[in-house]
Amino acid sequence: MTALAKQLQVSEVTIRTDLGVLEEQNKISRIHGGAVPVAENVRSRNFEERIHINQNKKRWIARCAAEQVDNHDTIILDASTTAYFIADYLKNHQGLTVFTNGIEIAFKLAENPSNRVLLTGGVLRVETASLVGRFDDSILNGVRASKAFLSCTGWSSSLEAMEDDLFEAQLKKELVNAAEEVIIVADSTKFIKQGVTAFAPLNKISTIITDDSIELARLNRFQQVGTKVRVCGEKVTKLLDSGVNERRMRVGFANMDDTRPFPARVRQGLVQAATVNGIEFLMTDNHQDGPTALANIEYFLEQNVGLVVEFNSDVRYGNVIMERLRALEIPVVAIDIPLPGASFMGVDNYKSGLMGGRLTGLYVQQHWENRLDKVISLELPLAGPVPAARMQGQLDGLRELVPVADEDVISMDSKNTFEGAFDAVSQLIPALKTARHIGILAINDEATLGALAAFEKAGSSSERVVAVSQGADAEARKDLLRPQTGLIGAVAFFPENYGNIILNMAASIVQGKQTPPAVYTNHLLVLSEKSMKLLDLSRLNYEAISVKDYDEASRQLIQRWQSNSL
């Protein structure tokens, strides 16, 4: 108040009077020692209004934040609208334990019955749908979460995260102390503001996630002291080096399609590995489209990347992409779909196909007395010959155990999606009236589940169809838990572990070390509980686990690869 009176050259009494008038006009909110404009005090707006402010930016930030959460993590979310969007991106995660003071956030997370959601105590604020303050001992006493995702109003001159509300700041201090890692999620507008009181010094903050409207110069001071920064946009995400890591590597990653389960898990694994190892990482999305993939390469070249990780399903553009990168001597790691001259990392397609085909054949032998009337082969012609080897492996593995005539194999384009397979099989089903036993071979989990859904909608029982999917993603594992399903198992590829493998390859390439032309992921049969009990698996000579043991198997594989540090 004194400073304001001095600046305006009036008395403190005049300042108090004028502030009182402005408060009555609802233009400001009085706080201890001064006031803030109502227009800037977004916390006074109700939740439904606030959720629309900078919504796209908050969604980009939220997607990036959710990628840092693993199944079965214990995390903290504050009551911000950005945290609400984070909760939306966590809907397919399993077994989370979440502490939050956000009412709406708690409801959203509780929609998944595998999650355990705990609300902090305190006073209910309707306008922010949050609980603030506390009574007696805090629910957070003794809690140790792996990560806390917190918003802020702005930053102090000494780079402390700040809040306008004293009660929120008090709670956030507790949230900071209860987490092993504090991640600030703040859109770009928060970097030109301050708040009333600080709740987290910079040495307590491991990562800042913001949107791509930020002036990168504003982030320099954060990077200089070792804070990791992620800049997230609609098309591009940047993981900026902290500035203290001597072994810098600038990598561009173009994903096949972020909206699909398998590529989304690849992206998440790469993000986590890059974050741990302090690598500058730029991410784009090819959207399963060749021209988009080529445009993404041009963007990487503008950004002076030293290595490209490419997941491109349109083989027609493979040579064009590689010619552009070879001309500038930029090394490439290709994921799952090879590129000429690139190092390969991904699935051993023929092997994984054999595993699935042999398991399907074993089921037909033991439960259908070796009788199979038709085989539906749901393929992906656009991706070229190597993924086609997965389809060939499935058919060869099946034929090792069950006689299948060529005329009984129906090949179809799955479009690599649930919807594509569902539509194709739905149109085919009327022509299969006399077929009592049908085997489904498919390029991935989504196509398999789409085909099975088509049969279910047509009224066919699970005893009429049998399938072993490829990938073992979350939806396939969920289906394996259903009693009435034609899915008996899946071949797991563990895409969440791709990041560790790829970045170890990238480090070797950049350092000039000898690198094998192809590195394959681990392959494992994941079976339903029913299949584990009913099938004589000794005849296959493959490692097989129950679907309930998948997460533990994945953790062990990740730990094994992480031991090979960059």
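Whenever you get a sec, compute what percent of the accessible area on the chain sits on carbon and sulfur atoms (1.4 Å probe). Write out the running numbers ahead of the final one.
Working: 12180 of 24610 Å².
Looking at the chain in its full context, I get 49 percent from C and S.
Residue separation of Glu298 and Asn319 scaled by 0.36 nm, minus their Cα-Cα distance, works out to 6.1 nm of gained length. Sparsely packed loop sites in the range 255-347 (the trypsin sites (Lys or Arg not before Pro) outside DSSP H, G, I, E and B with at most 16 other Cβ atoms within 10 Å) do not occur. Per the Debye calculation on the range 445-566 with a single equal scatterer at every Cα and no solvent contribution, log₁₀ I(q)/I(0) for q = 0.18, 0.21 Å⁻¹ amounts to -0.94, -1.13. Each part gets one Cα centre, and for the range 136-207 versus the range 495-566 those centres are 37 Å apart.
Roughly how big is the range 524-564's charge dipole about its Cα centre, with Cβ charges of +1 (Lys, Arg) and -1 (Asp, Glu), in debye to the nearest 20?
That gives a dipole near 40 debye.
The charge dipole of the chain, taken about its Cα centre with unit charges on the Cβ of Lys, Arg, Asp and Glu (plus for the first two, minus for the last two), comes to roughly 640 debye.
Along the axis of the charge dipole computed for the range 305-361 (Cβ charges of +1 for Lys and Arg, -1 for Asp and Glu, origin at the Cα centre), the listed residues Pro331, Ser343, Leu359 are led at the positive end by Leu359. Translational diffusion of the range 373-412, estimated by Stokes-Einstein from the Kirkwood radius over alpha carbon pairs at 37 °C in a medium of 0.692 mPa s, is 307 µm² per second. Between Glu407 and Ile53, the contour length at 0.36 nm per residue exceeds the Cα-Cα span by 121.6 nm. Amide H contacts for Asp73 (H built 1.01 Å from N in the peptide plane; partners 5 or more residues away or on another chain; cut-off under 5 Å): Thr97. Per-residue surface analysis assigns Trp60 an accessible area of about 60 Å², computed on protein heavy atoms at 1.4 Å probe radius.
How big is D for the range 54-104, in µm² s⁻¹ as a whole number, if Stokes-Einstein is applied with the Kirkwood radius of its Cα pairs at 25 °C and 0.890 mPa s? Don't skip to the end; give the middle numbers.
Values: Rh = 11.0 Å.
Reported coefficient: 224 µm²/s.
Residues whose amide H comes within less than 5 Å of that of Asp285, counting only those at least five positions distant or on another chain, are Asn255 (H built at 1.01 Å from N in the peptide plane).
Divide, for the range 191-301, the radius of gyration over alpha carbons by 2.2 N^0.38 Å, where N is the residue count.
On the way: Rg = 15.4 Å, N = 111, 2.2 N^0.38 = 13.2 Å.
Ratio of Rg to 2.2 N^0.38 Å for the range 191-301: 1.17.
What does the charge add up to near Ser146, with Lys and Arg as +1, Asp and Glu as -1, over the other residues with Cβ less than 12 Å from its Cβ?
Details: positive: Arg144, Lys147; negative: Asp70, Asp73, Glu180, Glu181.
With Lys, Arg at +1 and Asp, Glu at -1, the neighbours total -2.
Cα-based values for the chain, radius of gyration first and Dmax second, are 27.1, 98 Å.
In straight-distance terms, cross-link reach from Lys238 covers every one of the lysines whose alpha-carbon lies under 16 Å from its own, apart from those fewer than eight places away in the same chain; here that gives Lys57, Lys58, Lys228. The local environment of Gly341, defined by Cβ-Cβ distances under 11 Å, has a net charge of 0 under the rule Lys, Arg +1 and Asp, Glu -1. For the range 56-64, putting each phi into the Karplus relation 6.51 cos²θ - 1.76 cosθ + 1.60 with θ = phi - 60° gives couplings of 4, 4, 5, 5, 4, 4, 5, 4, 4 Hz, in residue order, rounded to whole numbers and with x for Gly and Pro.
For the range 370-469, the dipole from Cβ point charges (+1 on Lys and Arg, -1 on Asp and Glu) about the Cα centre works out to 260 debye, to the nearest 20. Between the C-alpha center of the range 463-489 and that of the range 400-431 there is a gap of 16 Å.
Work from the charge dipole of the chain (Cβ charges, +1 for Lys and Arg, -1 for Asp and Glu, about the Cα centre) and give the residue of Ala186, Gly226, Asn296 farthest towards its positive end. Value computed over the given set: Gly226. Per q in 0.12 1/Å, what log10 I(q)/I(0) does a Debye calculation on the alpha-carbon atoms of the range 170-229 return? For the requested q values the scattering log ratios are -0.29. Backbone geometry of the range 266-274 corresponds, through the Karplus equation with coefficients 6.51, -1.76 and 1.60 at θ = phi - 60°, to 3J(HN,Hα) couplings of 4, 4, 4, x, 5, 4, 5, 5, 5 Hz, x marking Gly and Pro.
Counting only heavy atoms of protein chains, what accessible area per residue, in Å², does the chain have with a probe of 1.4 Å?
Solvent-accessible surface per residue comes out at 43 Å².
Ranked by solvent-accessible area (1.4 Å probe, protein heavy atoms only, all chains present), the residues Tyr89, Tyr84, Tyr498 order from largest to smallest as Tyr89, Tyr84, Tyr498. For the range 360-495, the alpha-carbon radius of gyration amounts to 0.95 times the rule-of-thumb value 2.2 N^0.38 Å expected for a compact globular protein.
The values are calculated or read from the model by the stated rules, or taken from the named source; none is laboratory data. All values derive from a computational prediction rather than experimental measurement. Counting neighbours? That spans all protein chains shown, and the Cβs are built from the backbone with ideal geometry, glycine included. Side chains included, ligands, DNA and RNA excluded: accessible areas come from the protein's heavy atoms. Shrake-Rupley method; radii C 1.70, N 1.55, O 1.52, S 1.80 Å.
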